[in-house]
Amino acid sequence: MLSIVRKKNKKTGSFFGTIFRKKNRKGLSMVIGYVLLVAISVVMSIIVYSWLKTYVPTDTIKCAEGTSIFIRDIAYTCTPGEETLNITVKNNGKFSVNGYFIHVSNVSNPDEIATIDISSKIKVGGNISGNSIVFSNLIYNYLTPDEPTNVRTSSFDVRGYGTLYKVEIIPIRLQEEGSKKKIASCADAKIEEALVCK
Amino acid sequence: MVKKFVKKGRKRGLSPIVTTVLLIALTIAITAIVFLWFRGMVEDSVTKFSPPKNIKLVCEEVNFDVSYSSGTLNIVNNGDVSIFRVNIKTSQDGNYQTKDITDFAGSTWPSTGLAQGGTFSGNIGSEVGSSGKITVLPVLIGTSSKGKKTFVCEGQYGKEVTL
């Protein structure tokens, strides 16, 4: 066996070299090998990147901190057949707002959250946009922190809900995301007020 | 003996083309098998919004309030993420059971879910009445490679209500 190897070494230089030369296998050229290697690496990198990118937290529409409104005046009329709710809100925050979500509760339990949406019952003092009240038709934030546009009164027809005990208001703001304007709900600035029948 | 061995080594065997084709075919087959096996183990990634964001991160942005009184469950979506559905996790004597809100008898949960500022009020007392407490887990809807897919947010994003 050893003698065969030696014999081959004499002829070709090495035993393995002999085998490869004898069979004359070409395989892939170096260039194609590198091109394939780079192409596979690039494709795998793209796949892994696009997958991992979804796990990276990105900026989302979020209401600016410091947004705040308060209920300056509230008048609840509960005369049967003429139930009306008038609410005056004032912007006392650092940023303009454009409207609010408004919910009322007809349950006397103060711990129960208000779930009756009365935005569709607005009579004056705003426009309906989805399930919210807006003051400027989604163009700009109307209710500014400074006068004279920092106060807005809205009136709602609340017939058919029974006696109301609580109102909850969540301000909304128009926020720019790229070139689009989107509504951001200011949950941290949510306010509530007990309703007392006049 | 040695002569025989050397002669055997000189046999040509399979041609390079056949071996290459076989090699590629085997590689593809093994890759496909491993991929199919591995895909079953790895959960399908669900994303939401544009640019796509993993729905697990979106769960952190869900903001809602829950109250329960006299058999009525009240939910208000305060945040910017739509709540597609909610799962109600009930606990009784150390046993836990989770049920989709739409599976409750006579559920009035809106088919499109609760958008920004959306509210829900429904009676679930007959099914959770004997439980000590319930946990309301938000269910979001996102997009996966197989189309629309729902995702139940983990317990830390739920709201616990004592009955």
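No lab work stands behind these numbers, since they all come straight from the coordinates. It should be emphasised that the depicted structure is a prediction, and the values quoted were computed from it without experimental measurement. Heads up, the Cβs are rebuilt from the backbone with ideal geometry, glycines too, and the neighbour counts pull from every protein chain shown.
What shape does the protein assembly as shown take by its C-alpha gyration tensor, where a ≥ b ≥ c are the square roots of the eigenvalues and a/c under 1.5 counts as rounded, a/b above b/c as prolate, and the rest as oblate?
Taking the square roots of the gyration eigenvalues as a ≥ b ≥ c, the protein assembly as shown is prolate.
Within a 10 angstrom radius of each residue's Cβ in B:72-83, how many Cβ atoms of other chains show up on average? Whole number is fine. Spell out each step's value before the answer.
Details: counts 3, 1, 8, 2, 10, 5, 9, 7, 12, 3, 0, 0.
Counting other chains' Cβ atoms within 10 Å and averaging over B:72-83 gives 5.
For segment A:44-112, run through the trypsin sites (Lys or Arg not before Pro) and keep only the ones in DSSP coil with at most 13 other Cβ atoms within 10 Å of their Cβ.
Working: sites: A:53, A:62, A:72, A:90, A:94; in loops: A:62, A:94.
Sparse-neighbourhood loop trypsin sites (Lys or Arg not before Pro): A:94.
HN-Hα J couplings of segment A:138-145 from phi, Karplus 6.51/-1.76/1.60, θ = phi - 60°, integer Hz, Gly and Pro as x?
Residue by residue, segment A:138-145 yields 6, 9, 8, 7, 6, 7, 8, x Hz.
Residues with beta-carbon under 15 Å from that of residue B:47, excluding residue B:47: net charge, scoring Lys, Arg +1 and Asp, Glu -1?
So the environment of residue B:47 carries a net charge of +3.
Across peptide A:166-173, how many C-beta atoms of other chains are within 10 Å of each residue C-beta, on average?
Mean partner shielding for this stretch: 2.
Determine, for each peptide in B:66-72, A:130-136, the mean count of other beta carbons within 10 angstrom over its residues, then list the peptides with the highest first.
On the way: B:66-72: 16.0, A:130-136: 20.6.
The packing order, highest mean first, is A:130-136, B:66-72.
Under the Kirkwood approximation applied to all pairs of distinct alpha-carbon atoms, what is the hydrodynamic radius of chain B in Å? List each step's numbers first, then the result.
On the way: mean 1/r = 0.0506 Å⁻¹.
One over the average 1/r among Cα pairs gives 19.8 Å for chain B.
If you filter segment B:77-163 for trypsin sites (Lys or Arg not before Pro), then keep DSSP loop positions with at most 11 other Cβ within 10 Å, what is left?
Answer in residue order: B:146.
Please identify, among B:30, B:83, B:75, the residue showing maximal mean-square fluctuation in a Gaussian network model of chain B using a 10 angstrom Cα cutoff.
Among B:30, B:83, B:75, the largest mean-square fluctuation in the Gaussian network model of chain B belongs to B:30.
Treating only the Cβ atoms of Lys and Arg (+1) and Asp and Glu (-1) as charged, compute the dipole magnitude of chain B about its Cα centre; round to the nearest 20 debye.
Here the size comes out at about 2340 debye.
Do the alpha carbons of any pairs in A:90/B:89; A:181/B:148; B:53/B:133; A:90/B:133; A:53/B:146 sit beyond 29 Å of each other, and which pairs?
Going by Cα-Cα distance, A:90/B:89; B:53/B:133; A:90/B:133 fall outside the 29 Å limit.
Each residue of segment B:21-31 in turn: what ³J(HN,Hα) in whole Hz from Karplus with 6.51, -1.76, 1.60 and θ = phi - 60°, glycine and Pro shown as x?
Result, rounded to whole Hz: 4, 4, 4, 5, 4, 5, 4, 4, 4, 5, 4.
In whole Hz, with x marking every Gly and Pro, tabulate ³J(HN,Hα) for segment A:112-123 from phi via Karplus 6.51 cos²θ - 1.76 cosθ + 1.60, θ = phi - 60°.
6, 6, 7, 10, 8, 7, 10, 4, 6, 9, 5, 9
What helices does chain A hold that run 27 Å or longer along their axis, going by alpha-carbon atoms, with a Kyte-Doolittle average of 1.0 or more, using DSSP H for the helix calls?
Span-like helices, by this rule, are A:30-53.
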